[in-house]
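**Student:** Following this message is one structure expressed as structure tokens.
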Amino acid sequence: MMSYFAVNGGTQLSGSVRVNGAKNSVLPILAATILNAGENIIHNCTELRDVQSAVRILSHLGCGIKRQGKTLIVDSSTVSRCDVPEALMREMRSSVIFLGPILARCGQVRLSTPGGCELGPRPIDLHLSALKKLGAEVTLDGGEIICRAGSMRGRDIVLSFPSVGATENIMLAATACAGQTRIINAAREPEIEDLQQFLRTAGACISGGGKSEIVIEGGRSFGRVEHTVMPDRIEAATYLCAAAACRGHIELNSVCPQHIATVISILSDAGCDIKTAQNRVTIRSADRISALPPVQTMPYPGFPTDAQSQLMAAACLAEGTTVFCENIFENRFRQSGELVRMGARIKISGKTAIVDGVRELTGASVRCTDLRGGAALVIAALAAKGESRIYDIEHIDRGYEKIEQAYMSLGGNILRKEE
Ligand code: EPZ
């Protein structure tokens, strides 16, 4: 049976929705549970396909995992393996985040390179060169990475690019390195700060998370952790883009407004009325939005690449032309062809997309190309005139928990069906 979304577009969205826990925070935190050889209680864990993949890797390693609603309890006292087989690694690209913690816990690790994904080749050279600098022996053997800790010691690591995953892997591996590790030009994404908070609660001596220099004093012992995952800023940005495209009045709860400041700013410039409170964002978009200012995706705190596709869906209906420049991934305009099937006017040239807004999109049968591209197609279908069918929605389920239910609660006409 193949699942798809049946969408009848054209209704304005209104109401309030609670933003779930961040996918890109819970994944490195689940990997970090390997470090403390004990109990990890993690609250606000969204039920996502990627979280299930991470849980499968943890149980393969010998951890015990229980889910109680939105809480995951991971018992990592018995980690009996230090390898992750290809099938598990290939379920999600970010499984490379297990490299650092397994190496730190077991002194060695063997995992297959996670391979590329829809967004591009997704190299991990920054991860591997950093582990080598910390003293690990790293060998590549036919698509497998084998690392041995040897005599790892803390030292300064300068990242040529503020890679999120590489920053996280270094933080996790450095907890087992005697002495001080400084990560210079570290990624500043809020998820890094959330991971730091988890590690500190476990007993790590680490500071600077969320800034471009992070300092870890390794060799500390870890204990039981209880942590609540931060709100998902990309899920929040997705709903804001949906409100801009479908018009209407949406209130987002349990969200961190400053985490999505660039998204709020761009949509406000396009004519949306957005108000923020401590953990709430309200957007009103009664009329057709005007063309957006040029969108450059950048490392945090710049505009997030993970919200680019969703914003493009809104730009398709704007009055005027919007220029997107995707600076982070090689291939993140893949949903544009499907948007064109719905009547969008998009021209792609390398890392630039030119979107000429149209008055109306028309429902069509479309296929998700990747997680955020799929989220963009849902937005376009909800805003389009007529019926759409959205296939390959397993991409969307990787990063959103029952997204159709959130939109239904906002008045969207969307159903998950099987054929
Ligand atoms: C994280 O991926 C996120 N995933 C991505 O979210 C997000 O798009 C990305 O950060 C950027 O913010 C998770 O946190 C699980 P990077 P990551 O390392 O760590 C290049 C989503 O939709 N690079 O910062 O893989 C890489 O090719 C996902 O939720 C190297 O060249 O991102 C890319 O062009 C998609 N060598 C750029 O850096 C390396 O060793 C950004 O990658 C590592 C990365």
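**Student:** Being open to solvent by 10 Å² or more (accessible area, probe 1.4 Å) and touching a strand residue (DSSP E or B) at 6+ places or on another chain (Cβ under 6 Å) is the filter here; which residues of segment 249-271 pass it?
**Tutor:** Answer for segment 249-271, where residues must be open to solvent by 10 Å² or more (accessible area, probe 1.4 Å) and touching a strand residue (DSSP E or B) at 6+ places or on another chain (Cβ under 6 Å): HIS249, GLU251, ASN253, SER254, CYS256, PRO257, THR262, ILE264, SER268, GLY271.
**Student:** Listed residues GLU394, GLU401; which is within 14 Å of the ligand (Cβ to nearest atom) and within 23 Å of the chain's Cα centre (by Cα)?
**Tutor:** Step by step, each of GLU394, GLU401 is checked, and only GLU401 is within 14 Å of the ligand (Cβ to nearest atom) and within 23 Å of the chain's Cα centre (by Cα).
**Student:** Also, quick follow-up: Is there a residue in segment 155-165 that is of a type in the set (S, T, N, Q) and within 16 Å of the ligand (Cβ to nearest atom)?
**Tutor:** yes
**Student:** Oh, and also: From SER221, SER160, grab the single residue that is under 19 Å from ILE102 (Cα atoms) and either outside the structural domain of PHE329 (by TED's automatic domain parsing) or assigned to a loop (DSSP other than H, G, I, E, B) (or both).
**Tutor:** SER221
**Student:** Examine segment 272-283 for a residue that is out of contact with any helix residue (DSSP H, G or I) (no Cβ under 9 Å at 6 or more places or on another chain) and either buried (at least 22 other Cβ atoms within 10 Å of the Cβ) or at pLDDT below 95 (or both), and state whether such a residue exists.
**Tutor:** No, segment 272-283 contains no residue that is out of contact with any helix residue (DSSP H, G or I) (no Cβ under 9 Å at 6 or more places or on another chain) and either buried (at least 22 other Cβ atoms within 10 Å of the Cβ) or at pLDDT below 95 (or both).
**Student:** Is it the case that ALA149 is in contact with a helix residue (DSSP H, G or I) (Cβ under 8 Å, 6 or more places away or on another chain), among the hydrophobic types (A, V, I, L, M, F, W, C) and crowded, with 24+ Cβ neighbours inside 10 Å?
**Tutor:** Spelling it out, it is not the case that ALA149 is in contact with a helix residue (DSSP H, G or I) (Cβ under 8 Å, 6 or more places away or on another chain), among the hydrophobic types (A, V, I, L, M, F, W, C) and crowded, with 24+ Cβ neighbours inside 10 Å.
Listed here are the residues, each with its yes/no results for (1) closer than 28 Å to GLY302 by Cβ; (2) assigned by TED's automatic domain parsing to the domain that holds GLU47; (3) acidic (Asp, Glu); (4) at pLDDT below 95.
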position: ARG67; (1), (2), (3), (4): no, yes, no, no
position: CYS82; (1), (2), (3), (4): no, yes, no, no
position: SER95; (1), (2), (3), (4): yes, yes, no, yes
position: GLY100; (1), (2), (3), (4): yes, yes, no, no
position: CYS106; (1), (2), (3), (4): no, yes, no, no
position: LEU140; (1), (2), (3), (4): no, yes, no, yes
position: GLY150; (1), (2), (3), (4): no, yes, no, yes
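**Student:** Further question: Given GLU235, GLU168, which one is part of a helix (DSSP H, G or I), acidic (Asp, Glu), within 16 Å of the ligand (Cβ to nearest atom) and in the same structural domain as SER309 (by TED's automatic domain parsing)?
**Tutor:** Just one listed residue meets the conditions, GLU235.
**Student:** A follow-up question, please. Collect the residues in segment 119-138 that are part of a strand (DSSP E or B) and at pLDDT 95 or above, keeping them in residue-number order.
**Tutor:** GLU137, VAL138, listed by residue number.
**Student:** Additional query: Mind listing just one residue for me: the one in segment 171-188 that is in a loop (DSSP other than H, G, I, E, B) and open to solvent by less than 40 Å² (accessible area, probe 1.4 Å) and, of those, nearest to the ligand (Cβ to nearest atom)?
**Tutor:** Only one residue fits best here, namely ALA187.
**Student:** Considering only segment 304-331, state which residues are closer than 15 Å to LYS351 by Cα and part of a strand (DSSP E or B).
**Tutor:** Selection gives THR322, VAL323, PHE324, CYS325.
**Student:** Let me ask another. Would you call ALA314 crowded, with 17+ Cβ neighbours inside 10 Å, away from the ligand (no atom under 16 Å from the Cβ) and not β-branched (Val, Ile, Thr)?
**Tutor:** Taking the combined requirement at face value, the residue satisfies it.
**Student:** Of the conditions (1) in contact with a Phe, Trp or Tyr (Cβ under 6 Å, 6 or more places away or on another chain); (2) modelled with pLDDT of 95 or more; (3) of a type outside the set (Asp, Glu), ASN36 satisfies every one except a single condition; which number is it?
**Tutor:** (2)
**Student:** Ok, one more. I'd like to check something: does segment 189-199 contain any residue that is open to solvent by 30 Å² or more (accessible area, probe 1.4 Å) and at pLDDT 95 or above?
**Tutor:** yes
**Student:** Here is a list of conditions, (1) more than 15 Å from the ligand (Cβ to nearest atom); (2) of a type outside the set (D, E, K, R); (3) open to solvent by 40 Å² or more (accessible area, probe 1.4 Å), and SER129 meets all of them except one; can you say which number that is?
**Tutor:** Only one criterion in (1) more than 15 Å from the ligand (Cβ to nearest atom); (2) of a type outside the set (D, E, K, R); (3) open to solvent by 40 Å² or more (accessible area, probe 1.4 Å) is unmet by SER129, namely (1).
**Student:** Across segment 238-283, what is the number of residues that are in contact (Cβ under 8 Å) with a residue 24 or more places away in the chain and of a type in the set (Ser, Thr, Tyr)?
**Tutor:** Adding up the residues that qualify gives 5.
**Student:** Would you check if GLY350 is more than 24 Å from ARG247 (Cβ to Cβ) and either of a type outside the set (A, V, I, L, M, F, W, C) or away from the ligand (no atom under 14 Å from the Cβ) (or both)?
**Tutor:** Spelling it out, GLY350 is indeed more than 24 Å from ARG247 (Cβ to Cβ) and either of a type outside the set (A, V, I, L, M, F, W, C) or away from the ligand (no atom under 14 Å from the Cβ) (or both).
**Student:** A follow-up question, please. Suppose the filter is assigned by TED's automatic domain parsing to the domain that holds CYS106, of a type in the set (A, V, I, L, M) and in contact with a strand residue (DSSP E or B) (Cβ under 6 Å, 6 or more places away or on another chain); does ILE57 pass it?
**Tutor:** Against the criterion (assigned by TED's automatic domain parsing to the domain that holds CYS106, of a type in the set (A, V, I, L, M) and in contact with a strand residue (DSSP E or B) (Cβ under 6 Å, 6 or more places away or on another chain)), ILE57 qualifies.
**Student:** Quick one: which residue in PRO294, PRO299, PRO304 is modelled with pLDDT of 95 or more and open to solvent by 40 Å² or more (accessible area, probe 1.4 Å)?
**Tutor:** Of the residues listed, the single one that is modelled with pLDDT of 95 or more and open to solvent by 40 Å² or more (accessible area, probe 1.4 Å) is PRO294.
**Student:** Give all pairs with beta carbons closer than 9 Å in which a residue from segment 395-406 that is over 12 Å from PHE5 (Cα atoms) meets a residue that is assigned to a helix (DSSP H, G or I) and hydroxyl-bearing (Ser, Thr, Tyr); count only pairs at least 6 apart in sequence or on separate chains.
**Tutor:** Once the first residue is over 12 Å from PHE5 (Cα atoms) and sits in segment 395-406, its partners that are assigned to a helix (DSSP H, G or I) and hydroxyl-bearing (Ser, Thr, Tyr) give ARG398/SER53; TYR400/THR238; ALA406/TYR239.
The values are calculated or read from the model by the stated rules, or taken from the named source; none is laboratory data. On a predicted model such as this, the values are computed, not experimentally measured, just so you know. Cβ: placed from backbone, ideal geometry, glycine included. Neighbour counts: every protein chain shown. Note: accessible area is taken over every heavy atom of the protein model, side chains too, but ligands, DNA and RNA are not part of it. Shrake-Rupley method; radii C 1.70, N 1.55, O 1.52, S 1.80 Å.
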